[in-house]
Ligand code: SAM
């Protein structure tokens, strides 16, 4: 996917004066304001109104297992800690991790210094989790896919992403933005786009508008029975060549008769099919 959240060139060179964090009195950290790192997709939220809107939407409560991906300079983290008392957070940037450790006691913040794409989420998700993140856009799609297998142990996910990605996630069949991401996520989660966030709410300002999305995993008992691998294969193949008819796009997996036997028109295109039709095709493939 495109890394639309890379900083706009003009603003990315400027040190983040407004983004300076309290450093617990450490003279070395205090003397050096953090410079946003493009490679970690660092666009820090600095609009308190947006922070409160996000935290209001999450409504964190004491005792809940809140996990934040990419706490950065703690714009969301401190508001979450205020409401929930404790947060676990995963941060890849060592400098930011050191500052976070200075700022918050271990009672309030459990910091996991790691790449959220590489950690074993089944370890983190030992208890039902509430996941939160103003996600680095360059990892957002792979991260959404990496979280699918632990959805059973997640209460909800509130993520800020590129608006264009959120629009694809929530798109309905027939729309131009409906695709693999929409089908794979809508199968597993109820998705609600909450609101857009303008570029100016971040420092440095990203190149594109952001949106906040709520993802609530569907109860396992409500999920249609289907082989997960077959489902993923059918969806990937169907949208791999989205301009082709299903008969052509799925030719290596199912023939026209098998597609028709799944109650799907072999002449149709993937973007017209609802999630349930992909389930039908996947069942046929796995049969
Ligand atoms: N939450 C902060 C805020 O809202 O201002 C920072 C958001 S910034 C867009 C993304 C954060 O994710 C940065 O702190 C960045 O260092 C961190 N990050 C980037 N890639 C990461 C990864 N693979 N694993 C964990 N954290 C990552």
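The values are calculated or read from the model by the stated rules, or taken from the named source; none is laboratory data. Keep in mind that what you see is a predicted model, and the values were worked out from it rather than measured. Ideal geometry is used to build each Cβ from the backbone, glycine not excepted, and the neighbour counts take in all protein chains shown.
Scanning region 109-131 for residues being near the ligand (Cβ under 9 Å from one of its atoms), in contact (Cβ under 8 Å) with a residue 12 or more places away in the chain and over 13 Å from residue 68 (Cα atoms) gives a total of 2. Every condition in (1) under 28 Å from residue 33 (Cα atoms); (2) more than 10 Å from the ligand (Cβ to nearest atom); (3) buried (at least 19 other Cβ atoms within 10 Å of the Cβ) holds for residue 52 except the one numbered (3).
Scanning region 73-93 for residues that are surrounded by fewer than 20 Cβ atoms within 10 Å (Cβ to Cβ) and part of a strand (DSSP E or B) yields one hit, 88.
Just so you know, in region 58-84 the residues that are more than 10 Å from the ligand (Cβ to nearest atom) and out of contact with any helix residue (DSSP H, G or I) (no Cβ under 7 Å at 6 or more places or on another chain) include one that is farthest from residue 161 (Cα to Cα), and it is 63.
Taken residue by residue, region 216-225 has at least one member that is in a helix (DSSP H, G or I), free of Cβ contacts under 8 Å to residues at least 60 places away in the same chain and surrounded by fewer than 17 Cβ atoms within 10 Å (Cβ to Cβ).
The set of residues in region 91-108 that are within 6 Å of the ligand (Cβ to nearest atom) and over 16 Å from residue 43 (Cα atoms) is empty.
Looking at this structure, is residue 70 in contact with a strand residue (DSSP E or B) (Cβ under 6 Å, 6 or more places away or on another chain), in the same structural domain as residue 114 (by TED's automatic domain parsing) and buried (at least 18 other Cβ atoms within 10 Å of the Cβ)? Against the criterion (in contact with a strand residue (DSSP E or B) (Cβ under 6 Å, 6 or more places away or on another chain), in the same structural domain as residue 114 (by TED's automatic domain parsing) and buried (at least 18 other Cβ atoms within 10 Å of the Cβ)), residue 70 qualifies. For residue 242, the criteria (1) over 20 Å from the mean Cα position of the chain (by Cα); (2) within 16 Å of the ligand (Cβ to nearest atom); (3) assigned to a loop (DSSP other than H, G, I, E, B) hold in every case but one, which is (2). Please work out if residue 214 is modelled with pLDDT of 95 or more, closer than 24 Å to residue 176 by Cα and assigned by TED's automatic domain parsing to the domain that holds residue 179. Yes: the conditions hold for residue 214. The condition (being modelled with pLDDT of 90 or more and over 28 Å from residue 194 (Cα atoms)) is satisfied by just one residue among 57, 89, 114, 84: 114.
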